[in-house]
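Below: the structure, in structure tokens.
The values are calculated or read from the model by the stated rules, or taken from the named source; none is laboratory data. What you see is a predicted model; the values in this text were computed from it and never measured. Just so you know, the surface numbers come from the protein's heavy atoms only, side chains and all, with ligands and any DNA or RNA stripped out. Shrake-Rupley method; radii C 1.70, N 1.55, O 1.52, S 1.80 Å.
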Amino acid sequence: MPITDFDAERAYDADQFAAHKVFRTDNLQVVCGYFEPGQFIPVHGPDSDLVVAVQSGTGVVREGETDRRVEAGDVVTVAAGTDRGIRADDGTQLEALLVTAPPPTDAEHEPVRKGLRRGEFDPG
């Protein structure tokens with residue numbers, strides 16, 4: 001049973017959000033996500049359920065066409081196949097536990113890579 005915490009995993013990346021895998025099986029992936037102010041995971045719609053548990057900071061979780069404001073202590077769920085993205089507010093770091101079931105495929109993450117290359121939260 002892996003045990004960790006946000007302090008042990010904490011590492012930010014000046015260029016893009018940092019995702020530190022804590023646990024992965026064929027059915028589930030658990031990641032500690034670290035976002036500098038304004039950093040994001042671009043909007044994409046993988047065939048996996050998502051749970052976002054905000055540890056600290058503030059930001060937005062996109063669910064379909066809706067942007068939901070989040071802060072420390074909030075838990076947001078997004079159903080599989082629904083477009084989603086996460087963005088830290090300007091002026092604050094955001095830390096969140098991200099759980100996906102099942103883990104998205106490499107092909108499903110292509111819109112994420114595209115959005116990061118272009119600097120677009122919603123690459124469309």
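The value of relative contact order for the chain, using C-alpha pairs under 8 Å at least six residues apart, is 31 percent.
The phi torsions of the range 93-104, fed into the Karplus equation with coefficients 6.51, -1.76 and 1.60 and a -60° offset, translate into couplings of 7, 10, 10, 8, 8, 10, 10, 10, 9, x, x, x Hz, rounded to whole numbers, with Gly and Pro shown as x. In the chain, helical runs assigned H by DSSP with n ≥ 4 each contribute -39500 (n - 2.57); averaged across all residues and rounded to the nearest 500, the mean residue ellipticity at 222 nm is -2500 deg cm²/dmol. Our coupling estimate for the range 117-122, obtained by passing each phi through the Karplus curve with A = 6.51, B = -1.76, C = 1.60 and θ = phi - 60°, is 4, 8, x, 10, 5, 10 Hz, Gly and Pro reported as x.
With N counted as the residues of the chain, its alpha-carbon radius of gyration over 2.2 N^0.38 Å works out to 0.96. When the residues Thr58, Thr77 are ordered by accessible surface, computed with a 1.4 Å probe over the protein chains alone, the sequence from largest down reads Thr77, Thr58.
Residues in the range 1-112 average 51 Å² of solvent-accessible surface per residue, probe 1.4 Å, ligands and nucleic acids excluded.
Ignoring ligands, DNA and RNA, what percent of the accessible area of the range 50-121 is carbon or sulfur (1.4 Å)? About 47 percent, which is the carbon plus sulfur part of the accessible surface. Residues whose amide H falls under 5 Å from that of Val43, counting only those 5 or more places apart or on a different chain, are Asp122, with hydrogens built in the peptide plane.
Backbone phi angles across the range 41-58, fed through the Karplus curve with coefficients 6.51, -1.76 and 1.60 (θ = phi - 60°), yield HN-Hα couplings of 9, x, 5, 7, x, x, 8, 9, 6, 10, 10, 10, 10, 7, 8, 7, x, 9 Hz in residue order; Gly and Pro are listed as x.
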